[in-house]
Structure formats: C-alpha cells, structure tokens
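Presented below is the structure to which this report refers.
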There are 2 protein chains.
Amino acid sequence: MQNFTFHNPTRILFGQGRIADIAQEIPQGAKVLITYGGGSVKKTGTLDEVRQALTGLSLFEFGGIEPNPTFETLMQAVELARRESVDFLLAIGGGSVIDGTKFIAAAVPFDGEPWDILARHAPIESALPLGTVLTLPATGSEMNCGSVVTRRATQDKLFFAHPAVFPRFSVLDPTKTFTLPPRQVANGIVDAYVHTIEQYLTYPADAKVQDRFAEGLLLTLIEEGPKALADPENYAVRANIMWTATLALNGLIGAGVPQDWATHMLGHELTALHGLDHAQTLAIVLPAMLQVRREQKRDKLLQYAERIWNLGDGDPDARIDEAISRTRDFFESLGVGTRLGGYDIGADAIPALLDKLEQHGMTALGEHQDVDIERSRKVYELAL
Amino acid sequence: MQNFTFHNPTRILFGQGRIADIAQEIPQGAKVLITYGGGSVKKTGTLDEVRQALTGLSLFEFGGIEPNPTFETLMQAVELARRESVDFLLAIGGGSVIDGTKFIAAAVPFDGEPWDILARHAPIESALPLGTVLTLPATGSEMNCGSVVTRRATQDKLFFAHPAVFPRFSVLDPTKTFTLPPRQVANGIVDAYVHTIEQYLTYPADAKVQDRFAEGLLLTLIEEGPKALADPENYAVRANIMWTATLALNGLIGAGVPQDWATHMLGHELTALHGLDHAQTLAIVLPAMLQVRREQKRDKLLQYAERIWNLGDGDPDARIDEAISRTRDFFESLGVGTRLGGYDIGADAIPALLDKLEQHGMTALGEHQDVDIERSRKVYELAL
C-alpha cells in the first residue's frame with residue numbers, strides 16, 4: 001500500500017425527505033445563492049422544496065449552468081454573488097452544476113483572473129462555503145473537492161481541486177432520481193463504473209481493502225444498474241446506485257493505490273471536440289484502452305475477470321478478452337454505445353483529438369505514464 | 001437502505017514515516033498533552049519520535065492509561081490538563097489510550113461532574129481538540145467519535161459518543177505494529193472482525209454497498225490475519241490490517257443499515273467482572289450469539305456463509321452451522337479461545353453477568369431488541 005492522506009469532511013444527509021434538514025447546515029442569516037441547470041429542478045418541485053426548507057434566509061438564484069459547465073456562464077454567477085455579497089452557495093443538480101458551483105465558490109473571493117484557477121492552477125486561499133442537493137448520481141462531485149470546467153471559446157476542459165471546495169453537506173435523496181431520463185441514468189452508471197476502474201484496474205499494490213471495496217462498487221453497479229432502467233421508482237435500487245456513485249469518487253478507494261485516469265483524459269477531448277456526453281466518451285475509450293494496455297494491466301485484469309465476471313478458469317488471455325468484452329456488453333446493455341462509429345465519428349477525427357491531447361500536455365498518461373500520443377492513437381483507432 | 005447521516009472529519013495520515021507530519025496538524029504555539037499507556041511507546045521509540053516531530057511546542061506527558069481505561073486514572077490527566085491550560089491532546093497507543101483521551105478531551109472543559117458524561121449522557125458543548133498516533137489496530141477509535149470508559153470502583157463499563165471528540169488527525173504507521181505481542185495482534189483482528197459483523201450480520205436492508213464493503217473487510221481479515229502473526233514485519237500485511245480495522249468502525253459500513261451490538265454488550269460484562277481482554281469476550285460470545293439467534297439472522301447468515309466461507313450449496317441449516325463453526329475456528333486459529341471454560345469461567349458465573357446486564361438496562365439488545373435476559377442466559381450457557 002502506498003502512503004496516503006485521507007480527509008473527507010463532507011456531511012452526507014442520505015434518504016427520502018432529507019432536504020427538510022438543510023437549514024440546520026447553513027449559518028443563520030446567510031445570503032444563499034441557489035445554483036441549478038436547465039430547469040428540471042423547477043418542474044420536479046425540488047427547487048421549491050429547497051426554497052421552503054430555507055424560509056427566512058435571503059435567497060438568490062442562478063439557473064442555466066450547462067452540462068460540461070462553461071467558464072463564461074459561471075462568471076455571470078460570480079458577478080451576481082459578488083454584487084449581492086452572497087455568503088453561501090447551494091447547488092441543486094448533478095456533477096455539472098456541482099462542479100460549476102465549486103468554481104464559483106473559489107472564484108468569488110479570488111484576487112486575480114479566475115481563469116487562472118483552472119489554466120495555471122493559481123493557488124486559492126479561500127472559497128465560499130457550499131452545499132449540494134444531488135439529483136443525478138454519477139460524478140461523485142457531491143463528496144469530493146474536484147471540479148471540471150470548460151472554456152467555451154477554446155473548448156478547453158480543465159480541472160482544479162482544493163480542500164476549500166469540499167461541500168459542507170450534500171443531500172442524497174434517491175427519490176429525486178426517479179424522474180431522470182434513461183440516458184442520464186445510464187450515463188451515471190457508466191461514469192461511476194469507470195471512476196472505479198480508473199482507481200482499481202492498474203497494477204497490484206497490496207491494497208486488499210481498496211480492491212475489495214472497488215470490486216463491491218463494480219458488482220453493485222452491474223447488479224443494480226439494469227434495474228434502475230427497468231424499474232425507475234424502485235427506491236432501494238436508486239439508493240444503492242446513488243451511494244455507490246458517491247463512494248466511487250470520494251477519495252476512499254483511491255487512497256494508497258496507483259491511479260490511471262487515461263481513459264478520462266482521452267474522453268475529455270471527445271467531449272470538447274464532438275460534444276459527446278462524458279459517460280459516452282468513457283464507454284468508448286475504456287474497452288479499447290484496456291486492450292491496448294493489457295500487458296501492463298495483466299495481473300489486475302485477471303483479478304477483475306475472476307472477481308467481477310466469475311472468469312477464474314481457462315486460458316488467461318481468453319479470460320482477459322472475455323472480461324473486456326463483458327465490460328463493453330454491460331455498457332451497451334445500458335444503451336451507451338461503445339464505438340466511435342456509433343456516434344458518427346470516423347478515423348479522420350483522430351488527428352485533431354491527438355493534437356488537443358498534445359496541446360494539453362497529455363503525453364504521458366496512466367499509472368506508468370506510458371500512454372503517449374502513439375498509444376493514444378491506437379486507443380482511438382481501436383475504438384472506431 | 002435506511003436514512004442516514006454520515007460525517008467523518010478525521011484526517012488520516014497513513015504510512016511509514018508519517019509521524020514527521022504531525023506538527024502541521026497542531027496549531028502553532030499549542031500546549032500539547034501527550035497521553036499513552038504502559039510505557040511500550042518509550043521502549044519502541046515512538047514517544048521520542050513524536051517529541052522530535054513536535055520540537056518547539058510546549059509538551060506535557062501523562063502515561064499509565066490502562067487497558068479498559070478507568071475514570072479514576074483519566075481524571076488525573078484532566079486535572080493536569082486543567083492545571084497546565086493544555087489546549088491539544090495527542091494520544092499514542094491503541095483503543096484504550098485513544099478512548100481515554102477522548103474522555104479527557106470532553107471532561108477538561110466540562111462544567112459539572114465529568115462522570116455524568118458517561119453515566120447520564122450529560123450534554124457536551126465542546127472538547128479539547130485531539131490527535132492520535134495509532135500503535136494497535138483494533139478498535140477503530142482513531143477514526144470515530146466514541147469512547148468506552150470503566151469506573152474502577154464499580155466495574156461499570158460505559159460508553160459516550162460526541163462529534164467534538166473525533167480525532168482531528170490520526171497517524172497510521174504500519175511499522176509501529178511490528179513489535180506488538182501476538183496476543184494483541186490476534187485481539188485486534190478479532191475486534192475488527194466482530195465490529196464488522198455487528199453492523200453486517202443482522203437482516204437484509206437492501207444496502208448492497210454496505211454489505212459488499214463489510215464482506216471486503218471480513219475477507220481481508222481472514223486472508224491477512226494469520227500472516228500478521230506468522231510474519232510480523234510484513235509491511236503490506238500490517239498495512240492492510242491497520243486500514244481494515246479503522247474502516248470497520250468509522251461509521252461507513254454502519255451507515256443506513258440495522259446494527260446489532262448485543263455481542264459487545266454481553267462481552268463488556270465479562271471484561272468488567274472477570275478481566276478478560278475485550279476481544280476475548282467477543283470471540284467467546286459471538287459464535288454462541290449467532291447460534292441462539294440463527295432464525296432471526298437466517299438470511300444474512302446464509303449470505304455470510306456463501307460470500308465469506310464459500311458455502312453456497314447444500315442444506316441451508318448445515319451451511320449456517322458450518323459458517324458459525326468456521327468463524328469459531330478462525331478465532332481459535334489466531335490463538336483466541338472461544339469458550340468460557342478456556343478462561344476458567346463456569347456456569348456459576350452466569351447469574352452475576354445477567355445481573356450486571358439488567359443493572360445496565362441491557363434487557364432488549366440487538367437489531368430487533370429481542371435479546372432479553374433469558375436469551376442472554378442462553379448465549380452465556382452455549383458459550384461455556
């Protein structure tokens with residue numbers, strides 16, 4: 001096991017009806033800016049429920065944070081928050097709204113050009129406190145301190161992380177996911193699955209518990225994922241998926257182990273240049289990535305084959321092929337395509353993707369830093 | 001899944017050499033009281049290592065906190081801390097030292113009779129901040145907010161918990177466990193195992209992740225436990241056991257599920273009246289407890305039999321018997337006896353144990369509150 005520091009101070013309020021408890025989590029007299037996305041929180045009544053829970057506080061609202069939230073949009077919220085001297089942010093939504101709100105939290109008190117927080121990793125000294133009401137289980141943003149923001153003008157999708165933007169609290173009410181469109185449900189399952197894989201499927205590091213926990217998350221997603229699509233109002237299923245997605249990226253399974261994240265980096269360029277959903281890009285890249293790096297990942301691929309897909313016997317290479325193939329089938333069974341061709345992206349798109357990777361310095365990815373541009377080309381090609 | 005609130009703010013500094021990092025976790029200029037037990041921290045050099053890491057701070061020391069720490073001893077530390085206006089506590093040791101230090105932390109600023117914190121659950125408003133350097137993986141106290149303290153005069157073993165006594169940080173350096181006596185190593189493994197069982201082996205609650213995580217902890221203890229005894233300086237093994245024991249009682253696997261704890265309650269009386277090690281009492285009580293309540297726990301016992309002991313086929317009752325029997329064998333294989341007789345305790349001791357349970361109001365224990373005195377009698381009898 002590698003040395004690690006683990007610290008996750010986010011308070012989770014899990015279960016039906018927990019929005020009623022958020023007033024206790026926000027300082028009395030706070031001026032609260034509620035942030036959200038495209039407006040489904042109005043239709044479902046969640047926004048009203050939050051307003052009601054916060055009766056007596058000064059509330060401001062900022063809607064329209066888009067999927068893959070943009071710097072341009074978020075800066076409008078920063079201006080609003082500064083103008084109104086807001087002192088608490090409350091995000092209602094999925095990973096995009098929460099990631100965007102973390103950026104707002106860091107940018108409001110930032111003394112300088114906020115874009116530098118992303119582009120130059122400019123040091124943050126403080127951030128507005130924030131809470132979240134999660135409506136889409138997927139990214140884990142509700143219990144971590146990372147954020148991905150896109151600059152619309154240049155299509156750069158950049159990342160920052162800082163302990164100051166851990167949510168103070170997050171409400172996880174599974175009933176809020178009942179009305180999600182199937183595509184978002186499926187995307188969320190794929191997203192949580194690949195988050196887990198990025199922290200698990202590397203090389204053995206004598207981290208027995210982290211392996212078992214990661215395997216527990218994968219098995220739960222495989223068992224419960226299809227049920228969430230077939231039976232959208234099954235509370236128990238939704239609860240399991242919601243908690244699984246949070247635990248897939250809250251620092252726990254990644255503590256003390258090597259991590260990969262190459263699939264995410266190749267995926268980000270697909271979103272930036274072709275507008276694919278984040279999870280779609282992961283479903284496309286992962287099976288190809290595992291094939292291209294099967295030798296480096298051999299020991300963990302065999303463990304994955306055995307413990308997740310019950311493939312403990314027979315030729316090892318055949319087992320690895322079968323495990324990768326079942327992973328692909330699982331994504332496809334959820335309705336998430338795993339081939340570039342299925343999204344009308346052909347071989348001619350690959351050079352531009354590789355250029356973007358190079359521009360962003362993504363030339364030595366993965367747990368061995370051996371995913372260079374040539375290897376990335378192979379992955380994109382195998383994903384055609 | 002049941003509704004739950006999960007919040008665990010303890011920062012874990014895991015790995016060899018992490019004591020060097022503790023100065024960053026303690027406020028500059030703090031007056032620090034270092035607490036420890038019987039003096040092994042002097043022999044092993046850990047106390048010196050801590051002193052060196054804290055060069056420049058005002059340090060005070062209080063040693064002699066005993067296993068099953070007593071109110072009487074701890075109050076001497078409270079007096080010292082008050083007299084010297086200490087403002088940070090640093091516990092070096094295992095669960096007893098850490099539990100005791102939590103009590104000191106709560107008692108120092110407490111306005112009233114500190115015994116009431118335990119005996120009457122008197123409300124705490126604040127506590128001194130504390131950190132820990134763990135030397136004995138077992139209780140999980142390094143990452144939770146609970147504490148068990150015994151009053152020597154009456155042999156009452158009582159519990160309190162409060163968020164204010166979460167350690168601010170805990171150092172988990174596996175090398176600090178290399179020199180532990182085998183009995184303490186074995187006790188720690190049994191303790192972590194039974195902590196996990198108390199939160200897992202109840203009735204199904206549609207909490208798939210919690211089940212998988214609990215099973216991951218149990219499997220790791222079964223795989224790594226014997227290796228820790230056979231090969232004491234195997235870093236990877238020690239690291240896995242250390243992190244497993246912490247995760248077994250940090251709130252994670254118990255969030256959203258029914259919990260039992262009857263085995264612990266019956267065990268506490270054995271320690272109080274007969275001086276047995278905490279883990280010995282658990283090893284004695286658990287197999288009998290599972291037999292007595294096999295009908296109420298049937299579904300989870302079958303899941304435990306299948307996922308932990310690979311007993312998926314054959315007569316269900318035989319599988320349950322076999323799973324309980326293997327649990328007993330596992331404890332015995334570590335050198336921890338599972339029969340009262342092995343500790344020279346006979347049937348004549350049972351009435352006094354039951355009296356103590358009754359005195360302490362332990363008359364409706366377990367996840368169904370159906371472990372009454374009669375059922376406790378059966379458990380003790382079956383454990384003879």
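Being open to solvent by less than 10 Å² (accessible area, probe 1.4 Å) and more than 14 Å from chain B (Cβ to nearest Cβ) is the requirement here; does A:Ala53 meet it?
So A:Ala53 does not fit the description; no.
Grab the helices (runs of 4 or more DSSP H) fully contained in segment B:255-342, keeping just those with 1 or more residues being within 14 Å of chain A (Cβ to nearest Cβ) and over 27 Å from B:Gly146 (Cβ atoms).
Once the helices (runs of 4 or more DSSP H) in segment B:255-342 are filtered for at least 1 residues that are within 14 Å of chain A (Cβ to nearest Cβ) and over 27 Å from B:Gly146 (Cβ atoms), what remains is B:298-309.
Would you call B:Ile124 over 15 Å from B:Leu74 (Cα atoms) and either outside the structural domain of B:Gly267 (by TED's automatic domain parsing) or open to solvent by 20 Å² or more (accessible area, probe 1.4 Å) (or both)?
Numbers: over 15 Å from B:Leu74 (Cα atoms): yes; either outside the structural domain of B:Gly267 (by TED's automatic domain parsing) or open to solvent by 20 Å² or more (accessible area, probe 1.4 Å) (or both): yes.
For B:Ile124, the condition - over 15 Å from B:Leu74 (Cα atoms) and either outside the structural domain of B:Gly267 (by TED's automatic domain parsing) or open to solvent by 20 Å² or more (accessible area, probe 1.4 Å) (or both) - is met.
Which count do you get for residues in segment A:157-176 that are over 14 Å from A:Leu74 (Cβ atoms) and either basic (Lys, Arg) or in a strand (DSSP E or B) (or both)? Steps first, please.
Filtering segment A:157-176 down to residues over 14 Å from A:Leu74 (Cβ atoms) leaves A:159, A:161-164, A:166-176.
In the following step, the residues that additionally are either basic (Lys, Arg) or in a strand (DSSP E or B) (or both) were identified as A:159, A:161, A:168-172, A:176.
Residues that pass the stated criteria total 8.
Is it the case that some residue within segment B:199-220 is touching a residue at least 12 places away in the same chain (Cβ under 8 Å), under 23 Å from B:Asp156 (Cα atoms) and assigned by TED's automatic domain parsing to the domain that holds B:Val371?
No - not one qualifying residue is present in segment B:199-220.
Condition check: away from chain A (no Cβ under 14 Å) and farther than 30 Å from B:Thr150 by Cβ. Does B:Leu47 satisfy that?
no
Between residues in segment A:145-161 that are within 20 Å of A:Ser126 (Cα to Cα) and residues that are open to solvent by 60 Å² or more (accessible area, probe 1.4 Å), which pairs lie under 6 Å by C-beta distance while being six or more apart or on different chains?
Between residues of segment A:145-161 that are within 20 Å of A:Ser126 (Cα to Cα) and residues that are open to solvent by 60 Å² or more (accessible area, probe 1.4 Å), the close pairs are A:Cys145/A:Pro163; A:Val148/A:Phe159.
Report, by residue number, each residue of segment B:206-245 that is of a type in the set (A, V, I, L, M, F, W, C), more than 9 Å from chain A (Cβ to nearest Cβ) and surrounded by fewer than 24 Cβ atoms within 10 Å (Cβ to Cβ).
B:Ile222, B:Leu229, B:Ala230
With respect to B:Thr70, determine if the residue is more than 14 Å from chain A (Cβ to nearest Cβ), surrounded by 17 or more Cβ atoms within 10 Å (Cβ to Cβ) and among the polar types (S, T, N, Q). Show your work before the answer.
Details: more than 14 Å from chain A (Cβ to nearest Cβ): yes; surrounded by 17 or more Cβ atoms within 10 Å (Cβ to Cβ): yes; among the polar types (S, T, N, Q): yes.
So B:Thr70 fits the description; yes.
Report the residue count in segment A:343-362 for those that are buried (at least 16 other Cβ atoms within 10 Å of the Cβ) and part of a loop (DSSP other than H, G, I, E, B).
Counting residues in segment A:343-362 that are buried (at least 16 other Cβ atoms within 10 Å of the Cβ) and part of a loop (DSSP other than H, G, I, E, B) gives 2.
Where residues in segment B:28-47 are among the charged types (D, E, K, R) and in a helix (DSSP H, G or I), which of them is most open to solvent (accessible area, probe 1.4 Å)?
In this case the residue turns out to be B:Lys43.
Quick one: is B:Ile345 of a type outside the set (Gly, Ala, Ser) and touching a His at 6+ places or on another chain (Cβ under 7 Å)?
For B:Ile345, the condition - of a type outside the set (Gly, Ala, Ser) and touching a His at 6+ places or on another chain (Cβ under 7 Å) - is met.
Take segment B:152-175 and flag every residue that is basic (Lys, Arg) and touching a helix residue (DSSP H, G or I) at 6+ places or on another chain (Cβ under 6 Å). Reasoning before the result, please.
Let us first name the residues in segment B:152-175 that are basic (Lys, Arg), namely B:152, B:157, B:168.
Once the filter is applied, which keeps residues that are basic (Lys, Arg) and touching a helix residue (DSSP H, G or I) at 6+ places or on another chain (Cβ under 6 Å), segment B:152-175 yields B:Arg152, B:Lys157.
Would a scan of segment A:14-27 turn up a residue that is part of a loop (DSSP other than H, G, I, E, B), away from every other protein chain (no Cβ under 14 Å) and more than 30 Å from B:Pro174 (Cα to Cα)?
The answer is yes, given that some residue of segment A:14-27 is part of a loop (DSSP other than H, G, I, E, B), away from every other protein chain (no Cβ under 14 Å) and more than 30 Å from B:Pro174 (Cα to Cα).
Scan segment B:106-114 and give yes if some residue there is hydrophobic (A, V, I, L, M, F, W, C), open to solvent by 10 Å² or more (accessible area, probe 1.4 Å) and within 15 Å of B:Arg151 (Cα to Cα), otherwise no.
No; the residues of segment B:106-114 include none that is hydrophobic (A, V, I, L, M, F, W, C), open to solvent by 10 Å² or more (accessible area, probe 1.4 Å) and within 15 Å of B:Arg151 (Cα to Cα).
The values are calculated or read from the model by the stated rules, or taken from the named source; none is laboratory data. The model shown is predicted, which means the values in this text are computed figures rather than measured ones. Here the Cβ is made from the backbone with ideal geometry for all residues, glycine too, and neighbour counts use every protein chain on show. Surface areas here come from the heavy atoms of the whole protein model, side chains and all, with no ligands, DNA or RNA. Shrake-Rupley method; radii C 1.70, N 1.55, O 1.52, S 1.80 Å.
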